[in-house]
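Heads up, the thing below is written out as structure tokens.
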Amino acid sequence: MPRQSAPSGPSAPRENRLRALDGLRLVAALMVAMYHYGGRDGDVTRAWGSSPKHQFPSLHHLFAYGCLGVQVFFVISGFVICMSGWGRPLRAFFASRVSRLMPAYWAALILVTAVFALPGVVYEAVSPSDFLVNFTMLQQPLGADRVLGVCWTLWCEIRFYALFALFVVLPGANRRRVIMFCAVWTVAAAVSQGAKMPVLDIVVMPEYAPYFIGGIGLYLVHRDRRDAYAWGIVTVSWLIGQYYAVERLWHPASVHAFSFRSATSIMLVVTFGYVAVMTIALGRLRRANWRWLTTAGALTYPFYLVHEHLGWVVIKVLHQNLGIPSYGTFLLTVSAMLLLARLLNRFVEDRFTPMLRGHLTR
């Protein structure tokens, strides 16, 4: 998620609120890491040497809920992108998105591919052609293999940016236009789901639209907590969002399943995302003005990019090669990925993001 400066005006968010949002971003990223390291089977099983169910017998079922960190991310993104695009011309909005996403993403592509090509690393790299097309961030609609497993969420973000830029930023953001955008998108997503039209699904993303829309509604609440339309947007998006989360992630209890997610717990985690952003939007966390939260926010995006695939490599080295116990390996792997994220932030983002933004805004 991008970092933003506060807009001016009497209803503008204070910096401490943005710092609280930074902290929430890192919480969502750590939720996803918990899922990737201990909440599912698959490639991570090869890293541990056995299923995470056996590595974390008492916690694996809790780690399985970490995948809902993505939904929390999308609610935060709706809030931040609406704030970022309000009063900003299209060129500046485009430059801020591209310069924020691409430098760390390109660096992560190169780093993961290089590590996977090392002798002794058991994970297969993508073909050279697929690797190159990954630089466009359009590999998923093109059907190419993905270098980064998490990049499917970036494809969702890109489509959200495009919709918001076309229908809100380009004509000029104001309250009425944002409300209409949320209303039309909500109806279009529902129609798309009912019509079973794949092309329309790609555009309006019915499964993920409620979270982005909910974040937008919460930004309107942030601007005016008495706005009944804003509260209506938030409520409807939450109602639809919890439904999609349960429909996608719930399954009947089975001895053959990795874990069992209860419908109630799924609903509670989704609700947590909305309530957490709402608390920040209403200014309830004004005292959370600690500078380390800004650092946490800066680490979130590079950590999110590299933690999955490179984390598997670290887990294998620490657990299978060095014999470090599961919980120690888990904590050391998360720490190593945060350190790597700090290096990417310091030597890639801090250097190349301003440079790229400058070129794009000329």
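The values are calculated or read from the model by the stated rules, or taken from the named source; none is laboratory data. Bear in mind that the values here come from a model prediction, so they are computed numbers and not experimental data. Cβ sites come from the backbone with ideal geometry, for glycine too, and all protein chains shown count toward neighbours.
Go through the stretch 148-171 and give me each residue that's without any contact (Cβ under 8 Å) to a residue 60 or more places away in the chain and in a loop (DSSP other than H, G, I, E, B).
Matches in the stretch 148-171: P171 only.
Every residue in the stretch 70-80 that is under 15 Å from G297 (Cβ atoms) and of a type outside the set (S, T, Y), please.
Once the filter is applied, which keeps residues that are under 15 Å from G297 (Cβ atoms) and of a type outside the set (S, T, Y), the stretch 70-80 yields V72, F73, I76, F79, V80.
Restricting attention to the stretch 142-156, report how many residues are of a type in the set (D, E) and buried (at least 17 other Cβ atoms within 10 Å of the Cβ).
Residues in the stretch 142-156 being of a type in the set (D, E) and buried (at least 17 other Cβ atoms within 10 Å of the Cβ): 0 in total.
What do you reckon, is T329 in contact with a Leu (Cβ under 6 Å, 6 or more places away or on another chain), of a type in the set (V, I, T) and modelled with pLDDT of 95 or more?
yes
If we scan the stretch 116-134, do we find a residue that is assigned to a helix (DSSP H, G or I) and within 19 Å of the chain's Cα centre (by Cα)?
yes
Select from the stretch 31-46 the residues that are touching a helix residue (DSSP H, G or I) at 6+ places or on another chain (Cβ under 8 Å) and surrounded by fewer than 20 Cβ atoms within 10 Å (Cβ to Cβ) and list them in ascending order.
Answer for the stretch 31-46, where residues must be touching a helix residue (DSSP H, G or I) at 6+ places or on another chain (Cβ under 8 Å) and surrounded by fewer than 20 Cβ atoms within 10 Å (Cβ to Cβ): D41, D43, T45, R46.
Filter the stretch 84-129 down to residues that are more than 30 Å from R175 (Cα to Cα) and hydroxyl-bearing (S, T, Y) and give me whichever is modelled with the lowest pLDDT.
Y123
Can you name the residue in the stretch 207-232 that is of a type in the set (A, V, I, L, M, F, W, C) and over 15 Å from G273 (Cα atoms) and is also surrounded by the most Cβ atoms within 10 Å (Cβ to Cβ) among such residues?
A230
When you scan the stretch 87-94, do you find a residue that is outside any helix (DSSP H, G or I), within 30 Å of R351 (Cα to Cα), of a type in the set (G, A, S) and out of contact with any strand residue (DSSP E or B) (no Cβ under 9 Å at 6 or more places or on another chain), even just one?
Yes, the stretch 87-94 has at least one match.
Within the stretch 283-331, take every residue that is more than 29 Å from R225 (Cβ to Cβ) and of a type in the set (V, I, T) and give me the one that is farthest from the chain's Cα centre (by Cα).
I324
Among the residues of the stretch 83-101, which ones are in contact with a helix residue (DSSP H, G or I) (Cβ under 9 Å, 6 or more places away or on another chain) and surrounded by fewer than 16 Cβ atoms within 10 Å (Cβ to Cβ)?
Within the stretch 83-101, P89, L90, R91 qualify.
In the stretch 194-231, how many are out of contact with any helix residue (DSSP H, G or I) (no Cβ under 8 Å at 6 or more places or on another chain) and assigned to a helix (DSSP H, G or I)?
5
Going through S237, S265, S254 one at a time, which residue ends up being in a helix (DSSP H, G or I) and either basic (K, R) or free of Cβ contacts under 8 Å to residues at least 60 places away in the same chain (or both)?
From the options S237, S265, S254, the qualifying one is S237.
Per-residue answers, yes or no, for (1) of a type in the set (D, E); (2) modelled with pLDDT under 95; (3) under 18 Å from I240 (Cα atoms):
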| site | (1), (2), (3) |
| --- | --- |
| L154 | no, no, no |
| V168 | no, no, no |
| V191 | no, yes, yes |
| K196 | no, yes, yes |
| V199 | no, yes, no |
| Y208 | no, no, yes |
